[in-house]
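Computed from the coordinates by the stated procedures, all read-outs in this text should not be read as laboratory data. Values in this document were obtained by computation on a predicted structure and should not be read as measured data. Cβ: placed from backbone, ideal geometry, glycine included. Neighbour counts: every protein chain shown.
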Amino acid sequence: MSVGPRITLGDGVTVDALLDALTDHPRRLPDAFVGVPAGGWEQATARHPQTVGDDGHWRLPVYAYLVRTASHTVLVDAGVGPAGTVAAEWLGTEGVLDERLAALGVDRGSIDVVFFTHLHEDHVGWGADPTTGSLTFGRARYTVADEEWSTERARGVRRHVEHGLGPARDAGRLEPMAPGPFLPGIEILALPGHTAGHCGVLVQGQTGVVLLAGDAFNHPVQLSEPGIGSSADADPQRAAETRRLVLERAASEDCLVGSAHLPGGWWRAAWDARQRRGGQATDRHAQ
C-alpha cells in the first residue's frame, strides 16, 4: 500500500485526501477540546505543532476524500465550500475542493455519489452553490445516514444543511440510508457520538484497508487519549467509546485512518485492547 495524499489499495481502488481548507478555528485548543491530555496542552502542542495557529487557536485542516473503485467514484464529505457558505463565513476562509478535484483530472460530473459522514457546517459546503442553489455534483446521489437525517429533520433543518443538501432533496436525489454494505468494496460504519448518526466509510482493496472516520477524531492527541473529547461532540461518552473501537479496529486490521481534521489527512494508530479503558496508545503520522 502506498502512503501519501493518495492511498492505493489494488484492484483499481484509490483514496485521495483532498485538503479543502486550512485555517484557524475560532476557539483556542484548550477551549475546542474537553479534558487535558497527559502532560497538559503545552506538551501536546509541542508534539503536534501543526495543530497550533495564531494565539494558540486550533489550526484546522478540513479534508474531503475521493474514493475511486472499478465501478464508482465517491466523494466522502464536501468541506467548507465556496465563498458564501455558512462554514466559509464562520471560519473566515473558502474551500478549494473544486481546484483539488481539477488537479486530479476529476470532473464534477464524474462523481457518482456524495456521502456525508455527518451534517456539520464544514462537511456539506460544496453540496450546492450557496447563491444559485444549483447542485455542485450534477449527476451524483447525495447520501447520509438515515439517523443523521431524521435527527436533522426533527430539530429543524439548519441553514447550512438547507444550502448544502436542500437542492438534492428537492430534486429527489437525497437518499438517507442505514449503515452497512454500500457499494462494492465500500461499507458505511455507524460511528455515533460526534453526532447522533455520525458514520465512517470503510474502503477495502486487494492490498489494504482504509477507514475514513469523519469527525470521530478531531486532534491527533485523541489517537493516544481517546477520552479527550471535542467540544462539538453531541454525546461525549459515546464519542469516546467510538474512538476506542475505531482504534482497536484500525490496529487489528492494520488500516490507515483518514479523519477530516487530522493534519496530513492520514494516520496510523497502534492500540492494545487492554488499553481500552483509558490507557494510552502510540499514534504516528503516516509518512
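Some observations on this one:
- Distance between modelled label sites at Arg6 and Ser110, nm, 7 Å Cα→Cβ extension: 1.0
- Based on DSSP H segments of at least four residues, each scored -39500 (n - 2.57), the chain has a per-residue ellipticity at 222 nm of -6500 deg cm²/dmol.
- Computing FRET efficiency as 1/(1 + (r/R0)^6) for Met177 and Thr131, where r is the C-beta to C-beta distance and R0 is 25 Å, gives about 0.30.
- With contacts taken as Cα pairs under 8 Å at a separation of at least 6 residues, the chain carries a relative contact order of 17 percent.
- Take the Cα of Trp90, step 7 Å toward its Cβ, do the same at Glu253, and the gap between the two points is 2.9 nm.
- Considering only the Cα atoms of the stretch 6-285, their convex hull presents on average a projected area of 13.4 nm².
- Close amide H partners of Gly214, meaning residues 5 or more places away or on another chain with modelled amide H under 5 Å apart, are Val201, Ala260.
- The charge dipole of the chain, taken about its Cα centre with unit charges on the Cβ atoms of Lys, Arg (+1), Asp and Glu (-1) only, comes to about 460 debye.
- The stretch 118-251, dipole about Cα centre (Lys/Arg Cβ +1, Asp/Glu Cβ -1), debye to the nearest 20: 220
- Inter-probe distance in nm under a simple model that places probes 7 Å from Cα toward Cβ, at Asp31 and Arg47: 2.5
- Simple rule: put +1 on each Lys or Arg Cβ and -1 on each Asp or Glu Cβ in the chain, find the dipole, and look at Leu19, Leu191, Ala32; the Cα lying farthest toward the positive end is Leu191.
- Multiplying the residue separation of Asp55 and Ala70 by 0.36 nm and removing their Cα-Cα distance gives an extension gain of 0.8 nm.
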